[in-house]
Amino acid sequence: MNVIDVAKKMETDAIKFYSEAAHKTAYPAGRKMFETIVEDEKRHLEIITKMIEGLDVHMDDVHPLKNIKTVFEKMKDDMMERVAATSDELEAFKIAMQMEKEGLEFYTKLAAEAETEKEKGLFEKLIHEEQQHYNIFASTYDFLNDTGNWFMWEEHSIVEG
């Protein structure tokens, strides 16, 4: 299996895992977060597929962190209630963090070995998005694990008021 096939498999596995996690997550904001990440991973898979087919690829300037902040801001009233995550949900976030870490390492290797600046640029954008995914999962894990001591993203809070 070549590196592009591995990249496709990683993205396909991520789509499947995050879709299942969204289905199983009782916490509405967590569910929506997984669903948003699924859409990012589908876009990654499409980009990688186009690379394989030799098509001209342009990666849109997407900001997963901004997208997730919007999800959480829309659901801030729900977030103010104490959340009791199940051990399965917490485990899903741990697995998600590990998957994103592996994706980061893999795309970093591909960027270093890229044959063209265009390929390198695409892999660097994937690296950036996967890092944001990791940060999102880590922050959510911390929130669900210890809601009372949790602070998220800019200015240590996403909930105003």
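The values are calculated or read from the model by the stated rules, or taken from the named source; none is laboratory data. This one's a predicted model, so the numbers in the text were calculated from it and none came from an experiment. We place every Cβ from the backbone using ideal geometry, glycine too, and count neighbours over all the protein chains shown.
Annotations for the structure displayed:
- Among the residues of the stretch 9-28, just one is among the β-branched types (Val, Ile, Thr) and either at positive phi or part of a loop (DSSP other than H, G, I, E, B) (or both), namely THR25.
- The one condition in (1) surrounded by 14 or more Cβ atoms within 10 Å (Cβ to Cβ); (2) within 26 Å of LEU122 (Cβ to Cβ); (3) at pLDDT 85 or above; (4) of a type outside the set (A, V, I, L, M) that ASN67 fails to fulfil: (3)
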